[in-house]
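A.B. asks: Please see the structure below; I have some questions.
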Amino acid sequence: MVSKVQTEDLPLGILEVGFSYNTHQDAAATDEKSDNPSQSHMEDGQVNQSTGDTGTMSGTAPGSVPTQTDSLSKQFKDIMDLTRGSFSQVKKAMKKEEEKVYAIKVIPLLNYNKEHLLREVKALAHLEYKFIVRYYTFWWGESVVSRLGDSEEDDSTSDSMEINRNSCVSDKKPEFSLFIQMEFCEMGSLKNWIQNRMTETSKSSNRRQSLLLFKQIISGVKYIHRKGFIHRDLKPGNILLAKNMTVKIGDFGCVTRENGDQPQMRTQNVGTTSYRAPEQEGDRYGCEVDIFPLGLILFELLWKFGSEMEKSKKWNNIRDGDLPAEFEKDYPTEAFQIKKMLSLDANMRPSAKNLMQIFCGRK
Ligand code: ATP
Ligand code: MG
């Protein structure tokens, strides 16, 4: 069974230390989210499996060798751990000279190659849009990572319940890592927002606000597709919220290029199981894989699950387009569109452009 780590519940354990050119080639825990590096050449031309390629520091001024302080704490202060993802840790830090707060994602290289990790940077650098998280810069450096243990529990259906490795072994081993500096989204992730809403007493969601968020999300996805990318891991945890509840699509760690109209050979099993389009388990798919999770996200925005347990029980039905009768009654138009987005046949799903027309009345 593929596995996923619940980010928020894990101990935080990445500390920046001095830069070195060593790379640790420990086997990275395989995870449903990531492409298998051994397969990544299928679509990305990343045949080079050498993780020993650490002699250069892209993103750092030539001749400068970052030390511990150069890596993060020399330039940043008030460094705080925000969350720990399956493969990365995200920090909040203030750039000293600017007095401005940023989010910094630290991703250990492990047994991936640099190109593989850099695709998040490459995509972010080409995506400048109000509903996409803003990227500033990147650099390579060393970080000390609490490594995940191997004890696994079974997978379940919802993102927040994909807790398969709940032990975290902190061996504080320095790992050569990628640091990505981006805008700090102060209202957290949509996942947190949805979870917090579960604890509210009112039974119904705020329809207007939910639709407003959804419109921003589809606008962002339309932009991503227009720029020739497929996100491949859309889910509430990867949708961030900035000031005034502005949506910022983030986490481009699974992004790929859309080349042409035909579904092409792709890496299998990329993305997060519970939100992943069914065809993503195979190796031929196109940008429609980003529409399937939008159906689930719209449902979650409009429907308040009472608890994570309830969500877990009903999730497979929702994925199958079997929506609660009450939902169909309250949101007939949205229910119809959600079912289309969840079509097993990817060609039956509306495009992001269609969704903009449907939900925003514009092209
Ligand atoms: P996962 O494997 O859980 O998807 P990840 O390793 O891919 O995580 P991200 O999804 O990029 O990492 O970030 C994990 C979490 O960190 C987000 O869900 C969010 O809570 C927080 N986060 C990420 N980027 C930002 C940001 N720019 N501003 C504020 N919080 C952020
Ligand atoms: Mg993520």
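A.B. asks: So, in segment 78-108, exactly how many residues are touching a Ser or Thr at 6+ places or on another chain (Cβ under 6 Å) and outside any strand (DSSP E or B)?
C.D. replies: Within segment 78-108, residues that are touching a Ser or Thr at 6+ places or on another chain (Cβ under 6 Å) and outside any strand (DSSP E or B) number 1.
A.B. asks: Additional query: Any residue in segment 339-356 that's in a loop (DSSP other than H, G, I, E, B): show its pairings with residues that are hydroxyl-bearing (Ser, Thr, Tyr) at Cβ separation under 9 Å, as long as the two are six or more apart or on different chains.
C.D. replies: ARG349/SER343
A.B. asks: Looking at (1) of a type in the set (A, V, I, L, M, F, W, C); (2) crowded, with 20+ Cβ neighbours inside 10 Å; (3) outside any loop (DSSP other than H, G, I, E, B); (4) modelled with pLDDT of 95 or more, which one does PHE176 not meet, given that it meets all the others?
C.D. replies: For PHE176, the exception is condition (4).
A.B. asks: Right, next: Being surrounded by 15 or more Cβ atoms within 10 Å (Cβ to Cβ) and either modelled with pLDDT of 50 or more or hydrophobic (A, V, I, L, M, F, W, C) (or both), is that true of even one residue in segment 156-164?
C.D. replies: Yes, segment 156-164 contains at least one residue that is surrounded by 15 or more Cβ atoms within 10 Å (Cβ to Cβ) and either modelled with pLDDT of 50 or more or hydrophobic (A, V, I, L, M, F, W, C) (or both).
A.B. asks: Also: Looking at TYR112, TYR102 in this structure, which one is touching a residue at least 12 places away in the same chain (Cβ under 8 Å) and in contact with a Pro (Cβ under 6 Å, 6 or more places away or on another chain)?
C.D. replies: TYR112
A.B. asks: Follow-up. Only one of VAL106, VAL101 is hydrophobic (A, V, I, L, M, F, W, C), within 16 Å of ligand 2 (Cβ to nearest atom) and at pLDDT 50 or above; which?
C.D. replies: Result: VAL106 is the single residue among VAL106, VAL101 that is hydrophobic (A, V, I, L, M, F, W, C), within 16 Å of ligand 2 (Cβ to nearest atom) and at pLDDT 50 or above.
A.B. asks: Report, ordered by the first and then the second residue, all pairs with beta carbons closer than 8 Å, sequence separation of six or more or different chains, a first member in segment 174-198 that is among the basic types (Lys, Arg), and a second member that is more than 9 Å from ligand 1 (Cβ to nearest atom) and in a loop (DSSP other than H, G, I, E, B).
C.D. replies: These pairs meet every condition: ARG197/SER205; ARG197/LYS304.
A.B. asks: Also, I was wondering about something else. Among the residues of segment 204-218, is there at least one that is within 25 Å of ALA123 (Cα to Cα), within 16 Å of ligand 2 (Cβ to nearest atom) and touching a helix residue (DSSP H, G or I) at 6+ places or on another chain (Cβ under 9 Å)? Walk me through it before giving the result.
C.D. replies: Residues of segment 204-218 that are within 25 Å of ALA123 (Cα to Cα), as a first pass: 213-218.
Now narrow it down to the ones that are within 16 Å of ligand 2 (Cβ to nearest atom): 217.
Retained after the next criterion (residues that are touching a helix residue (DSSP H, G or I) at 6+ places or on another chain (Cβ under 9 Å)): 217.
Yes, there is a match, as at least one residue in segment 204-218 is within 25 Å of ALA123 (Cα to Cα), within 16 Å of ligand 2 (Cβ to nearest atom) and touching a helix residue (DSSP H, G or I) at 6+ places or on another chain (Cβ under 9 Å).
A.B. asks: Within segment 291-304, work out how many residues are touching a residue at least 40 places away in the same chain (Cβ under 8 Å) and in contact with a Phe, Trp or Tyr (Cβ under 9 Å, 6 or more places away or on another chain).
C.D. replies: The number of residues fulfilling the criteria is 9.
A.B. asks: Hey, can you tell me all the residues within segment 187-203 that are more than 20 Å from LEU127 (Cα to Cα) and of a type outside the set (A, V, I, L, M, F, W, C)?
C.D. replies: Within segment 187-203, GLY188, LYS191, ASN192, GLN195, ASN196, ARG197, THR199, GLU200, THR201, SER202, LYS203 meet the criteria.
A.B. asks: How many residues does segment 233-255 hold that are assigned to a strand (DSSP E or B) and either at pLDDT below 95 or among the aliphatic types (A, V, I, L, M) (or both)?
C.D. replies: Result for segment 233-255: 6.
A.B. asks: Further question on the same structure: Out of contact with any strand residue (DSSP E or B) (no Cβ under 9 Å at 6 or more places or on another chain), over 27 Å from ILE132 (Cα atoms) and assigned to a loop (DSSP other than H, G, I, E, B), is that true of GLY321? Lay out the reasoning, then the answer.
C.D. replies: Details: out of contact with any strand residue (DSSP E or B) (no Cβ under 9 Å at 6 or more places or on another chain): yes; over 27 Å from ILE132 (Cα atoms): yes; assigned to a loop (DSSP other than H, G, I, E, B): yes.
Yes; evaluated as a whole, the condition is true for this residue.
A.B. asks: Sticking with this one: Any residue in segment 222-250 that is without any contact (Cβ under 8 Å) to a residue 40 or more places away in the chain and farther than 15 Å from VAL90 by Cα sitting within a Cβ distance under 7 Å of a residue that is more than 16 Å from ligand 2 (Cβ to nearest atom) and in a strand (DSSP E or B)? List the pairs, counting only those 6 or more apart or interchain.
C.D. replies: GLY228/ARG257
The values are calculated or read from the model by the stated rules, or taken from the named source; none is laboratory data. Not measured: the values here are computed from a predicted model. Positions of Cβ are backbone-derived with ideal geometry, glycine not excepted, and every protein chain shown enters the neighbour counts.
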